Amino acid sequence: MTLIVTGAAGFIGSCVVRQLVAETDELVVSVDALTYAGNPLSLGDAQASPKHRFEHADIRDQPRMQAIFEQYQPRAILHLAAESHVDRSIHGPAEFVSTNVVGTLTLLQVALDYWRGLPEPRRSQFRFQHISTDEVFGSLSATDPAFEETTAYQPNSPYSASKAGSDHLVRAWHHTYGLPTLMTNCSNNYGPYHFPEKLIPLMILNALDGKPLPVYGDGQNVRDWLYVEDHARALRLVLEKGRPGETYNVGGAAERKNIEVVDTLCNILDELHPQSGPHHRLITYVTDRPGHDRRYAINFTKLESELGWRPQENFETGLRKTVQWYLDNPEWVQSVRSGEYRNWLEMNYAGRTQAA
Ligand code: NAD
Ligand code: TYD
């Protein structure tokens, strides 16, 4: 049995692959274009396993995707490849539409052709699993109920709009062509191998370097945080037990204001890596992100009651593990801090003024 995982050299995809290779006997085929966000080192021990293959390929390359399906004859595809960072989508939205919408369309077409040619029972067992985000639902006020699977889509950023577009295509390919799809909409992940453009790893690495910790706006925006290993377990459970055509929300039951996240990180760093003075002194309020969503919160009752999933990690223990991982893995950190990364920091942060 074989699984294809797209976006396998990214933060969440690599976690899924590491788990699958460590805990199952299936062949796992990693597909990744190795953009700035992809790093083969993130695959860890899975890289050298005989149960793993790596295909350096772009999901928008239809002939290549067809050849990969032909060669490996997968029982399912877990589709995680995407442009994933909101701030980058504000600076350059076209790449987001290209990979997230057109790339997903390409995979759907290839998977549909492949699925139609499968004999039973492999045909009815095949799954196209699309990994999406809670950001497609838009922004909540402090008192709104958490997002449910039936909440209307109201994407506000170029990133979430492109993910919403891909979700709609997946829905349509199930409804119109009968492709056995599964979809998950998950809240903010954190954990090891997270690219340091996102809040938590950026703050950890800046703090270790004694650099400012740039909090956007008033720091009161709320995200619901999930440890990445818990997300990977949810995806594997949905793959095995989810009902085709359904969507499942995945969340951490850990709503935190951004400033609370940064405060907690500073406390953990003061303890695990004391430097000259408390890390809190580095907190700096900067110009807000345009269109910044105020609050995300996930209701994952459906996943819990139908499939029995709950997060195993709580936010404080998960954050501590994450900080320790960044302290223990300077080689990985070094490998992602390329010239491209430094250019990004310059572009995103130099123009933000410091709040008084
Ligand atoms: P990431 O940016 O860390 O990784 C994305 C990976 O996709 C990279 O390895 C990159 O090289 C690859 N990729 C990009 N464009 C590609 C293309 N055209 N062809 C092939 N590969 C390509 O992202 P992530 O945080 O691991 O997110 C994975 C998925 O999960 C995304 O679809 C994202 O929308 C979704 N998601 C992320 C979060 C989160 O908090 N990070 C939460 C919910 C959902
Ligand atoms: P991010 O990790 O980019 O995830 P998302 O925007 O997809 O939720 O940001 C998480 C929150 O942290 C979001 O409210 C924006 C905020 N943020 C900062 O305050 N400063 C930063 O430097 C970054 C990258 C994010």
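The values are calculated or read from the model by the stated rules, or taken from the named source; none is laboratory data. Computed from a prediction, not measured in an experiment: that's the story for all the values here. Note that each Cβ is placed from the backbone with ideal geometry, even for glycine, and that neighbours are counted across all protein chains shown. Just the protein is used for accessible areas: all its heavy atoms, side chains included, with ligands, DNA and RNA removed. Shrake-Rupley method; radii C 1.70, N 1.55, O 1.52, S 1.80 Å.
Quick notes on this one:
- Sites residue 353 and residue 259 - FRET efficiency at Förster radius 25 Å, r taken between beta-carbons, to 0.05: 0.85
- Listed residues 33, 48, 161, most fluctuating in the chain (Gaussian network, C-alpha, under 10 Å): 48
- Here the gap between residue 241 and residue 56, fully extended at 0.36 nm per residue and compared with their Cα-Cα distance, gives a gain of 63.6 nm.
- With the alpha-carbon atoms of the stretch 218-268 aligned to their principal axes, the span from lowest to highest coordinate is 42, 21, 11 Å, starting with the largest.
- Amide H to amide H distances under 5 Å link residue 254 with 225, where only residues 5 or more positions off or on other chains count and H is placed in the peptide plane.
- Residue among 25, 58, 134 with the largest mean-square fluctuation in a Gaussian network model of the chain, springs linking Cα atoms under 10 Å: 25
- For the stretch 234-356, the solvent-accessible area with a 1.4 angstrom probe is 50 square angstrom per residue.
- Selected from 43, 105, 140 as most flexible by GNM, with the chain as the system and alpha-carbon contacts under 10 Å: 140
- Modelled label positions at residue 177 and residue 122, each set 7 Å beyond Cα in the direction of Cβ, lie 1.8 nm from each other.
- Average accessible area per residue (Å²) across the stretch 100-207 - probe 1.4 Å, nucleic acids and ligands excluded: 35 Å²
- Packing around the peptides 79-88, 294-303, 66-75, 141-150, taken as the average count of other Cβ atoms within 10 Å per residue, puts them in this order, highest first: 79-88, 294-303, 66-75, 141-150.
- For residue 304 and residue 328, the difference between the fully extended length at 0.36 nm per residue and the C-alpha to C-alpha distance is 5.3 nm.
- Sequence ranges 10-21, 211-222, 114-125, ranked by mean other-Cβ count within 10 angstrom, highest first: 10-21, 211-222, 114-125
- Residue 309 accessible area, 1.4 Å probe, all protein chains in place, Å² to nearest 10: 10 Å²
- These residues, 174, 168, go from largest to smallest accessible area, 1.4 Å probe, as 168, 174.
- Computed over the alpha-carbon pairs of the stretch 107-254, the distance histogram in 10 Å steps reads 10, 33, 32, 17, 7, 1 percent, short to long.
- For the stretch 152-228 versus the stretch 282-356, the inter-centroid distance based on Cα atoms is 9 Å.
- Extension gain for residue 220 to residue 102 (0.36 nm times residue separation, less C-alpha to C-alpha distance): 39.0 nm.
- Accessible-area ranking of 321, 257, 198, 163, largest first, probe 1.4 Å: 321, 257, 198, 163
- Directionally averaged projected area (convex hull, Cα atoms, the chain), nm²: 17.1 nm²
- When every Cα-Cα distance of the stretch 1-155 is counted in 10 angstrom steps from zero, the calculated P(r) takes the values 10, 36, 33, 17, 3, 0 percent.
- For the stretch 1-79 versus the stretch 91-148, the gap between their alpha-carbon centres in whole angstrom: 17 Å
- Between residue 141 and residue 312, the FRET efficiency estimated from the beta carbon spacing at R0 = 25 angstrom works out to 0.25.
- When each of the peptides 282-292, 91-101 is scored by how many other beta carbons lie within 10 Å of its residues on average, the order from highest to lowest is 91-101, 282-292.
- In sequence order, the stretch 259-276 has phi-based couplings of 5, 5, 4, 5, 4, 4, 4, 4, 4, 5, 5, 4, 7, 7, 8, x, 10, 6 Hz under the Karplus curve 6.51 cos²θ - 1.76 cosθ + 1.60, θ = phi - 60°, and Gly or Pro positions carry x.
- Efficiency of FRET from Cβ geometry, residue 113 and residue 345, R₀ 56 Å, rounded to 0.05: 0.85
- Remark: the stretch 233-246, residue by residue, has Karplus-estimated 3J(HN,Hα) of 5, 4, 5, 5, 5, 4, 4, 7, 10, x, 8, x, x, 8 Hz, where x stands for each Gly or Pro and the curve is 6.51 cos²θ - 1.76 cosθ + 1.60 at θ = phi - 60°.
- Accessible area of the stretch 16-107 belonging to carbon and sulfur atoms, whole % at 1.4 Å probe: 54 percent
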